[in-house]
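Student: Structure provided below as structure tokens; questions to follow.
The values are calculated or read from the model by the stated rules, or taken from the named source; none is laboratory data. Note that this is a predicted model, so its numbers are computed, not measured. Cβ sites come from the backbone with ideal geometry, for glycine too, and all protein chains shown count toward neighbours.
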Amino acid sequence: MKENLNPDWLGSEEGDEIYRENIIDHFKNPRNYGEIVEAEIKHSELNAICGDMIRLFVKFKEGKVEDVKFKGNGCAISMATTSMMTEILKEKTLEEIKKLKKEDIFEMLGIKLGVVRMKCGLLCLNTLMKGVEQMEGKDGIKN
Amino acid sequence: MKNHMLDVGNIIKDFAILNKRINGKRLVYLDNAATSLTPEPVLEAMNEYYRSYNANVHRSIHTLGEKATKEYVEAHKKVADFINADLEETIFTKGATESLNALAYCLMKDLKEGDEVVLSEMEHHSNIVPWQQLAKNKNVKVKYICVNDDYELDLEHARELINKKTKIVSVMHVSNVLGTINDVKEIGGLAKNVGAVFIVDSAQGAPHFSVDVKEIDCDFLCFSGHKMLGPTGIGVLYGKKKMLEKLNPFLFGGEMIREVNFEESKWNDLPWKFEAGTPNIAGGIGLGAAVDYLRKIGMERIRNYEEHLTAYAFKKLKEAGVLVYCAKDARKRGGVMTFKIDGMHAHDVAALLDKEGVAIRAGHMCAMPLVNKILKENALCRASLYFYNTTGDIDTLIIGIKKAKEVFQIA
Ligand SMILES: Cc1ncc(COP(=O)(O)O)c(C=O)c1O
């Protein structure tokens, strides 16, 4: 790569396209923004470095996700990934949700994140997984 | 441009890093409040120690040991002179954080329940957390001088807070978020009136203008080498001689003793009684070289140049419609511009500026109480200057901000 050849060249690990239009769009017009009063998952997580905060609500019906909403405050990456994630969650079963991996988030985003922004991009998934853990803990079906 | 008597074109040649390209663009380094860049003479002084007279200090009789000791003591003298203190009053530490922690620890034993420590709402975490710990240990109250609407310390409030119960007053010289230059002499006077120990955190002051501890009349003052052209891992704790004489050391071991018996030991002379163990010798020598570099340019000239550059930056930011949190009076602020762009998160601003080669800070700047509770924000952007910056750097910043707004489709 270029940076290895030229000692006077340093570059961030992120692709140039990190602020693609669809990311800006999700940031400015977040999908499923709001709260669900009666939801099985109600969970908040904080990205301590940036101060990004997400609160996620997931409501299940007959074993499938009926509705998802989120509220939050943070950078475009954390907000856009959460917004995108809420779109793919609908109709998923709990088992399908538990199989979600960070690669799925990257694929959904379609861009490469550097080490620092990785934390922003994965805040949505962390919040979801912690929320699932908490729900299962409550229901006593912890595996 | 007119450089207000500063030959920045030549100065820049001493900073190799300024020739780097970042993401293909010329580096514009505007994160000086976090850490400054290091010029060749400082690097050279440290390399010289390792290459030519690598030895421990204060203990080895051989030629190298003698030379290392002489240079290390000389570095203390340079720093002492830099702040108008004596050698005995100038202790090298790891940095401002360690200096403040050491003070909280050393002063703890004189405090009792019901005593009060007065800080300010704009303090850096390093001038809050050590005192909170002390307060917990000793059942002491911590109180904070308010920041007023003009982002200055409310001196009326300081007068109310500082009373007979106050045992320690510790405030910052210059805010690393607001850039406000605090009237430390005035606050010191209030502390003196009630017999409280007065401490100044000059981490953002000493690098930028001439600091005279006798004029401020503080009991203690601290700063970090890496914010004033020196290396990381070295900093300063100044203490008035009569204060340091009363104070017990906070580290024990080699170098700091005069005589050790199996039962007890006698402390070494000042300042060495506070520098236990093999110190950061190269770092100390580097800090000495940094002081030489700054003095060669002249602190007056640095301040004048930065004042001019800061005024330029404020004007340009205002023209670009950027909201800056700072005091109105230009004479009361340093080269720190903390700002916000509506509709964008600070990290996105910083990431997009990075693509233009512009390095700024985004976040809470280690002053969470100020940023979250007083400014009521989660994260802000901060551009901070030093004397090697130019109006060209500011122009690049402004262009970068405009481009970032375009990406986010902000008019
Ligand atoms: C005002 C102020 N005080 C203290 C510190 C702590 O300095 P250091 O991290 O070098 O110990 C800083 C550095 O960010 C600062 O800006």
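Student: Can you tell me which of B:Cys381, B:Cys366 is in contact (Cβ under 8 Å) with a residue 12 or more places away in the chain and over 18 Å from B:Leu397 (Cβ atoms)?
Tutor: Sole residue among the options that is in contact (Cβ under 8 Å) with a residue 12 or more places away in the chain and over 18 Å from B:Leu397 (Cβ atoms): B:Cys366.
Student: A further question follows. Just checking, how many residues over the stretch A:70-113 are surrounded by 20 or more Cβ atoms within 10 Å (Cβ to Cβ), closer than 18 Å to A:Glu21 by Cα and not aliphatic (A, V, I, L, M)?
Tutor: Qualifying residue count, the stretch A:70-113: 6.
Student: Let me ask another. When the stretch B:205-258 is examined, which residues are found to be more than 16 Å from the ligand (Cβ to nearest atom) and hydroxyl-bearing (Ser, Thr, Tyr)?
Tutor: Listed by number, the list holds a single entry, B:Ser210.
Student: May I ask you to list pairs of residues, at least six apart or on different chains, whose Cβ atoms are under 7 Å apart, with the first in the stretch B:180-204 being without any contact (Cβ under 8 Å) to a residue 60 or more places away in the chain and closer than 23 Å to B:Arg333 by Cβ and the second being part of a helix (DSSP H, G or I) and more than 16 Å from the ligand (Cβ to nearest atom)?
Tutor: Taking only residues 6 or more apart or on different chains, the pairs are B:Asp183/B:Leu155; B:Glu186/B:Leu155; B:Ile187/B:Ala158; B:Leu190/B:Ala158; B:Leu190/B:Arg159; B:Phe198/B:Gly188; B:Phe198/B:Ala191; B:Phe198/B:Lys192.
Student: Scan the stretch B:372-404 for residues that are more than 9 Å from every other protein chain (Cβ to nearest Cβ), over 18 Å from B:Lys25 (Cα atoms) and part of a helix (DSSP H, G or I) and jot them down.
Tutor: B:Lys373, B:Ile374
Student: Restricting attention to the stretch B:86-103, and to residues there that are out of contact with any strand residue (DSSP E or B) (no Cβ under 7 Å at 6 or more places or on another chain) and within 13 Å of the ligand (Cβ to nearest atom), which single residue is farthest from the other protein chains (Cβ to nearest Cβ)?
Tutor: Narrowing the stretch B:86-103 to residues out of contact with any strand residue (DSSP E or B) (no Cβ under 7 Å at 6 or more places or on another chain): B:86-88, B:97, B:101.
Pick out the ones that are also within 13 Å of the ligand (Cβ to nearest atom) and you get B:97, B:101.
Values: B:Thr97: 19, B:Asn101: 22 Å.
It comes out as B:Asn101.
Student: If you don't mind, another one. If you check B:Lys94, B:Lys67, which single one turns out to be without any contact (Cβ under 8 Å) to a residue 40 or more places away in the chain and either of a type in the set (Lys, Arg) or more than 27 Å from B:Asp219 (Cα to Cα) (or both)? Let's see the steps before the verdict.
Tutor: Values: B:Lys94 fails: without any contact (Cβ under 8 Å) to a residue 40 or more places away in the chain.
Going through B:Lys94, B:Lys67 in turn, just one is without any contact (Cβ under 8 Å) to a residue 40 or more places away in the chain and either of a type in the set (Lys, Arg) or more than 27 Å from B:Asp219 (Cα to Cα) (or both): B:Lys67.
Student: Being crowded, with 19+ Cβ neighbours inside 10 Å and under 26 Å from B:Asp154 (Cα atoms) is the filter; apply it to the stretch B:328-349 and report the residue that is modelled with the lowest pLDDT.
Tutor: Of the stretch B:328-349, the ones crowded, with 19+ Cβ neighbours inside 10 Å are B:333-339, B:341, B:344-349.
Still in the running and under 26 Å from B:Asp154 (Cα atoms): B:333-339.
Details: B:Arg333: 93, B:Gly334: 96, B:Gly335: 96, B:Val336: 97, B:Met337: 96, B:Thr338: 96, B:Phe339: 96.
If we take residues in the stretch B:328-349 being crowded, with 19+ Cβ neighbours inside 10 Å and under 26 Å from B:Asp154 (Cα atoms), then B:Arg333 is modelled with the lowest pLDDT.
Student: Looking only at the stretch B:37-80, which residues are in contact with a strand residue (DSSP E or B) (Cβ under 9 Å, 6 or more places away or on another chain) and surrounded by fewer than 17 Cβ atoms within 10 Å (Cβ to Cβ)? Steps first, answer last, please.
Tutor: Taking the stretch B:37-80 as the starting set, the residues that turn out to be in contact with a strand residue (DSSP E or B) (Cβ under 9 Å, 6 or more places away or on another chain) are B:37, B:72, B:75-77, B:79-80.
B:Lys77 - this is the single residue of the stretch B:37-80 that is in contact with a strand residue (DSSP E or B) (Cβ under 9 Å, 6 or more places away or on another chain) and surrounded by fewer than 17 Cβ atoms within 10 Å (Cβ to Cβ).
Student: Is at least one residue of the stretch B:122-135 away from the ligand (no atom under 13 Å from the Cβ), surrounded by fewer than 17 Cβ atoms within 10 Å (Cβ to Cβ), over 26 Å from B:Asn84 (Cβ atoms) and outside the structural domain of B:Glu377 (by TED's automatic domain parsing)?
Tutor: Yes - at least one qualifying residue is present in the stretch B:122-135.
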